1. Using a Förster radius of 22 Å, what is the FRET efficiency between Gln51 and Asp71 based on their Cβ-Cβ separation? Nearest 0.05, please.
2. Which trypsin sites (Lys or Arg not before Pro) in region 42-80 sit in a loop by DSSP (not H, G, I, E or B) and have at most 11 other Cβ atoms within 10 Å of their own Cβ?
3. Using a 7 Å offset from the Cα along the Cα-to-Cβ direction at both Arg79 and Arg59, what is the distance between the two label points in nm, to one decimal?
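We did not get these values from a lab; they are worked out from the coordinates using the rules stated. Predicted, not measured: the structure shown is a model, and the values here were computed from it. When we count neighbours, we look across all protein chains shown, and the Cβ atoms used for this are built from the backbone with ideal geometry, even at glycine.
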Amino acid sequence: MPRLLLLGLAPLLAGCAGMNEAECRAADWYRLGERDALVYAIHPQIEQYAQQCGRHGVRAEAPRYMAGWRDGYSEFSGRGGSGGMGGGM
């Protein structure tokens, strides 16, 4: 049973992975927010991204991220919360 739990958490943990400097500089903040809500079905992670990217001197674009997150969450909710994992939470 613990193995199944870990396998189920893997996609969520992948969404929380740290960003390096190149990823921070090239980030499409709208799409990142949309992905976090739509695929991973997690709460906004903009504070974590801002902290990670701030270490590299890159400012996270919170308004763009949150616009994407709201759109992704709206779509996620509209399809019954199935996210990209094929099942409800």
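1. Using R0 = 22 Å, I get an efficiency of 0.40.
2. Details: sites: Arg55, Arg59, Arg64, Arg70, Arg79; in loops: Arg55, Arg59, Arg79.
Sparse-neighbourhood loop trypsin sites (Lys or Arg not before Pro): Arg59, Arg79.
3. Taking the two extended label points, one gets 3.5 nm.
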